[in-house]
Amino acid sequence: MLSLRAPPRTLSPSPWRRRGRLDGFAAPRCVSAAPPATTLETATARPAGVSFPILVNGCTGKMGVSVAEAATSRGLHLVPVSFSSRENLDKTIQIGDIDVEIYGPSAREDVLSSVIDEFPDVIVVDYTAPNSVNSNAELYCKLGVPFVMGTTGGDQQLLYKSVQDSNNYALISPQMGKQVVAFLAAMETIAEQFPGAFSGYRLEVLESHQAGKLDTSGTAKAVIACFEKLGAVFDMDRMVKIRDPEQQLYMVGVPEEHIEGHAFHLYHLTSPDDSVSFEFQHNVCGRSIYAEGSVDAAVFLYKKVQSMDPKRIYNMIDVLQEGDMR
Ligand SMILES: NC(=O)C1=CN([C@@H]2O[C@H](COP(=O)(O)OP(=O)(O)OC[C@H]3O[C@@H](n4cnc5c(N)ncnc54)[C@H](OP(=O)(O)O)[C@@H]3O)[C@@H](O)[C@H]2O)C=CC1
Ligand SMILES: O=C(O)C1=N[C@H](C(=O)O)C[C@H](O)C1
């Protein structure tokens with residue numbers, strides 16, 4: 001029998017443990033399997049309405065593959081090229097009937113320049129790693145290729161500065177899932193309208209993701225920024241990040257089949273005198289909502305580029321507000 005070890009830091013008492021399946025309450029878990037991944041067969045059922053070339057960077061990884069599949073399913077033209085942090089990988093990734101060629105860092109600028117020559121309307125979608133956010137963005141800006149940055153982490157201020165300085169088009173968001181974007185939009189709205197409404201409240205945050213996730217959740221950071229505007233007090237060092245599969249199964253209640261791909265977030269607020277508490281939670285199993293949202297983002301950005309919109313930098317709330325999320 002597996003033992004339940006305490007996470008490095010826990011809330012006291014941990015809301016997940018308090019209501020976890022070990023003590024008989026309904027655990028915050030996905031009750032059914034994630035929606036089936038979009039398949040090539042659904043392409044005809046759900047045409048994108050527009051078609052353009054899309055290059056998905058990070059196709060050796062999980063999000064890259066999911067976005068590339070969702071893009072082809074929506075009838076977009078997947079450029080059969082993607083980049084890796086590894087040199088001489090000599091690898092192709094099969095997406096439907098397309099063989100995507102993987103190139104190492106030394107080839108990326110030449111290869112991307114050739115792609116832009118051949119496909120001047122191309123939109124790049126980036127799902128790589130936190131430590132490549134800024135260097136990849138620099139390259140896209142240098143070559144003037146519009147991009148969707150789904151990858152989280154890196155130096156976000158520098159990322160925005162690179163886009164501003166180059167006057168390139170970009171859509172940047174730590175969260176592509178429509179319903180979570182709507183939650184984030186609601187948080188931004190109340191923070192804007194009622195600053196200080198939660199003045200003095202203590203905020204505690206837990207986030208659980210697959211063991212391979214390298215950074216702290218970008219979504220959690222964005223939500224925390226809203227709670228801070230509302231006056232809540234939060235110490236980023238006390239964020240509870242759960243990456244251990246055993247804890248995810250037995251404490252958080254992540255279904256076993258989603259240990260390799262989930263995003264469970266919990267925000268707990270307590271009043272200064274402990275008499276009032278609030279809890280917000282969003283639990284996602286699998287990656288399909290991000291993949292679909294990323295294609296929505298690419299379609300949105302493509303339209304903005306084609307119409308030469310003077311605004312250059314967007315986020316997913318812009319996409320949601322314009323009714324462009326499926
Ligand atoms: N915005 C959103 O809604 C979401 C964002 N994310 C974010 O997306 C990112 C990727 O997540 P996920 O797919 O799960 O992670 P994975 O680890 O599965 O994939 C990332 C891939 O990036 C590749 N990579 C690393 N460095 C570079 C580089 N310099 N150039 C090109 N490729 C590189 C790695 O491959 P190799 O070893 O071959 O280099 C790896 O396969 C994370 O930052 C995550 O937080 C994830 C889900 C939703
Ligand atoms: O890495 C992930 O998986 C996810 N990353 C994003 C984040 O850092 O917030 C979005 C979601 O949590 C999934």
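The values are calculated or read from the model by the stated rules, or taken from the named source; none is laboratory data. Nothing here was measured: the structure is a model prediction, and the numbers come from that model. Ideal geometry is used to build each Cβ from the backbone, glycine not excepted, and the neighbour counts take in all protein chains shown. The area values use the complete protein model at the heavy-atom level, side chains included, leaving out ligands, DNA and RNA. Shrake-Rupley method; radii C 1.70, N 1.55, O 1.52, S 1.80 Å.
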**Study point:** Qualifying positions in region 311-326 - more than 14 Å from Pro146 (Cβ to Cβ) and either at pLDDT below 95 or out of contact with any strand residue (DSSP E or B) (no Cβ under 8 Å at 6 or more places or on another chain) (or both)
**Key:** Ile317, Leu320, Gln321, Glu322, Gly323, Asp324, Met325, Arg326
Review point. Which one is nearest to ligand 1 (Cβ to nearest atom) among residues in region 181-227 that are more than 29 Å from Lys62 (Cα to Cα), surrounded by 15 or more Cβ atoms within 10 Å (Cβ to Cβ) and among the charged types (D, E, K, R)?
Key: Glu188
Check your understanding: Give me the pairs: first residue in region 242-258 and without any contact (Cβ under 8 Å) to a residue 60 or more places away in the chain, second residue open to solvent by 10 Å² or more (accessible area, probe 1.4 Å) and not polar (S, T, N, Q), beta-carbon distance under 8 Å, and six or more apart or on different chains, which are they?
Key -> Arg243/His209; Arg243/Ala211; Arg243/Lys213; Pro245/Ala211; Pro245/Ile259; Gln248/Ile259; Glu256/Leu249
Review point. Quick check: anything in region 227-237 in the same structural domain as Asp155 (by TED's automatic domain parsing), within 15 Å of ligand 2 (Cβ to nearest atom) and not aromatic (Phe, Trp, Tyr)?
Key: no
**Study point:** Residue count, region 127-153 (criterion: crowded, with 17+ Cβ neighbours inside 10 Å and free of Cβ contacts under 8 Å to residues at least 12 places away in the same chain)
**Key:** 0
Practice item. Six or more apart or on different chains, Cβ under 7 Å: which pairs go from a residue in region 208-232 that's touching a residue at least 12 places away in the same chain (Cβ under 8 Å) to one that's within 16 Å of ligand 1 (Cβ to nearest atom) and among the hydroxyl-bearing types (Ser, Thr, Tyr)? Could you list them? Key: His209/Ser217; Asp215/Thr152; Gly218/Thr152
Check your understanding: Which one is most open to solvent (accessible area, probe 1.4 Å), of the residues in region 228-252 that are among the basic types (Lys, Arg) and at pLDDT 95 or above?
Key -> Lys229
Point to revise | Complete set of residues in region 52-78 that are away from ligand 2 (no atom under 16 Å from the Cβ), assigned to a loop (DSSP other than H, G, I, E, B) and surrounded by fewer than 22 Cβ atoms within 10 Å (Cβ to Cβ) | key: Phe52, Gly75
